[in-house]
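The values are calculated or read from the model by the stated rules, or taken from the named source; none is laboratory data. On a predicted model such as this, the values are computed, not experimentally measured, just so you know. Virtual Cβ from ideal backbone geometry, glycine too; neighbours counted across all protein chains shown.
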Amino acid sequence: MEKMIYFDYAATTPVDENVLRKMIPYFSSEFGNPSSVYDIGKSNKVAINMARKQIADAINCSSEEIYFTSCGSESDNLAIKGIAKANKNRGRHIITSKIEHPAVLETCNRLEKEGFSVTYINVDKDGIINLNELEKAIRRDTILISVMYANNEIGTIQPIDEIGRIARSRNIIFHTDSVQAIGNIKIDVNKSNIDSLSMSAHKFYGPKGMGALYVRKGINFQRQQDGGHQEREKRAGTENVAGIVGMGEAIEIANRELKGHNNNIKYLRDLYIKAIVNRIDDIHINGSLENRLPGNANISFLGIKGAKMVELLNQKGICASSGSACSAGLIKPSSVILNTGASIQVADSALRTTFGKYNTITDVRYLVDSIDEIVKKYR
Ligand code: PLP
């Protein structure tokens, strides 16, 4: 294919060139094992701890509260299972939302099978959780609240400060999956009373297969992977040093460039929404327009299935995504959008376009023209 225009930055991002440059030596000349005691091992340990500090600084915690993992999913698993299992003597009830990523939902399903009880909170038409429902769901045996910072499909940002306040006032541990938010929103775990937070490097121009978990000092959690003593006994396995160095560099760049980056992608996103609203009838914008990630647009083009639209856009060299999931050979409409109260037709025809730092105005014009053409031809 000659042309490739990428509008799927929520799925993954390319590695920033400066990040890649920092990573390369750790694949070759600096290849030592950080657990080794000779120089090439020790220098790797130093590099890991520098990255740990970069990540801690980005969310306002201390280095010893950061644990490296292999991805966002592992961070969610480690946080939720680890906290639940280590605190089960205090209670076995967990609260989460209905629109979490499968890394959280499936983890909660697993814990239910193991004797924990989980309450799944509803969201409103904008995809925002109901705080009254959250407060009402709290029981004497509630040990953990896990609500995502921002949604991966519709970009809705949850009232994190309020959830943090509620959790803290009731002495409940608060975990948030910030995989989509970090690098797009300034996060301060102390200001927001966040006790545990998951992140993934490939969403902010870092490498894939690299995650981290923040757990507030003093909070007990059980390791989920047994073996060596790495990550202060909380996550066994020889560290992915190049990935860790890349993640540290990527988060530092993302936070430094946050304001300008957000203004740019918000401008492109709004340009796209405005053009679509002006040119195409029978559309539905999914998610909140105010409390939304700057680079996220999710629009249903009624009468055309999201999966079909993605395929047709691909033929024009455009990468975008639908919220549909493929299960047992059947394409199922987005459960996130259905949970906002939208009809099956709306959920079935959703197109997620997520904008990033390498998009241009010309790209957006081409996207809008392409969608317009597809709608005219296939509706
Ligand atoms: N949580 C959210 C909100 C996500 O969007 C994703 C990935 O898309 C994950 C967790 C999982 O992250 P990873 O791909 O690093 O496992």
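Data overview
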{"item": "Segment 167-204, subset in a strand (DSSP E or B), under 12 Å from the mean Cα position of the chain (by Cα) and of a type in the set (Gly, Ala, Ser), residue farthest from the ligand (Cβ to nearest atom)", "result": "Ser198"}
{"item": "Qualifying residue in segment 135-151 (condition: modelled with pLDDT under 95 and not charged (D, E, K, R))", "result": "no"}
{"item": "Wholly enclosed helices (runs of 4 or more DSSP H) of segment 49-145 bearing at least 2 residues within 16 Å of the ligand (Cβ to nearest atom)", "result": "72-86, 102-113"}
{"item": "Positions within segment 153-180 being surrounded by fewer than 21 Cβ atoms within 10 Å (Cβ to Cβ) and of a type in the set (Gly, Ala, Ser), in sequence order", "result": "Ser169"}
{"item": "Pair list, Cβ under 7 Å, 6 or more apart: segment 31-45 residue more than 14 Å from His229 (Cβ to Cβ) and touching a residue at least 24 places away in the same chain (Cβ under 8 Å), other residue among the small types (Gly, Ala, Ser) and assigned to a loop (DSSP other than H, G, I, E, B)", "result": "Asn44/Gly32"}
{"item": "Segment 180-201 residues that are within 17 Å of Ile80 (Cβ to Cβ), paired with ones that are within 16 Å of the ligand (Cβ to nearest atom) and modelled with pLDDT under 95 (beta carbon under 8 Å, 6 or more apart)", "result": "none"}
{"item": "Unmet requirement for Arg269, which otherwise passes all of (1) among the charged types (D, E, K, R); (2) within 16 Å of the ligand (Cβ to nearest atom); (3) under 22 Å from Asn151 (Cβ atoms)", "result": "(2)"}
{"item": "Conditions (1) in a helix (DSSP H, G or I); (2) within 20 Å of Gln158 (Cβ to Cβ): number failed by Glu311", "result": "(2)"}
{"item": "Residues of segment 286-304 satisfying the condition of being modelled with pLDDT under 95 and out of contact with any Ser or Thr (no Cβ under 6 Å at 6 or more places or on another chain)", "result": "Leu289, Glu290"}
{"item": "Criterion (surrounded by 19 or more Cβ atoms within 10 Å (Cβ to Cβ), in a loop (DSSP other than H, G, I, E, B) and acidic (Asp, Glu)) met by exactly one of Glu239, Glu249", "result": "Glu239"}
{"item": "Qualifying positions in segment 267-297 - under 16 Å from Ser370 (Cα atoms), crowded, with 18+ Cβ neighbours inside 10 Å and of a type in the set (S, T, N, Q)", "result": "none"}
{"item": "Tyr366 being within 18 Å of Asp281 (Cα to Cα) and among the aromatic types (Phe, Trp, Tyr)", "result": "no"}
{"item": "Close pairs (7 angstrom Cβ cut-off, 6 or more residues apart or separate chains): more than 22 Å from Leu78 (Cβ to Cβ) in segment 131-151, hydroxyl-bearing (Ser, Thr, Tyr) anywhere", "result": "Ala137/Thr119"}
{"item": "Segment 205-216 - residue that is outside any strand (DSSP E or B) and in contact with a strand residue (DSSP E or B) (Cβ under 8 Å, 6 or more places away or on another chain) and, of those, farthest from the ligand (Cβ to nearest atom)", "result": "Arg216"}
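Each row is one residue, and each column tells you yes or no for (1) of a type in the set (A, V, I, L, M, F, W, C); (2) in contact (Cβ under 8 Å) with a residue 60 or more places away in the chain; (3) within 16 Å of the ligand (Cβ to nearest atom).
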| site | (1), (2), (3) |
| --- | --- |
| Gln230 | no, yes, no |
| Asn240 | no, yes, yes |
| Arg256 | no, no, no |
| Ile265 | yes, yes, no |
| Ile273 | yes, no, no |
| Ile285 | yes, no, no |
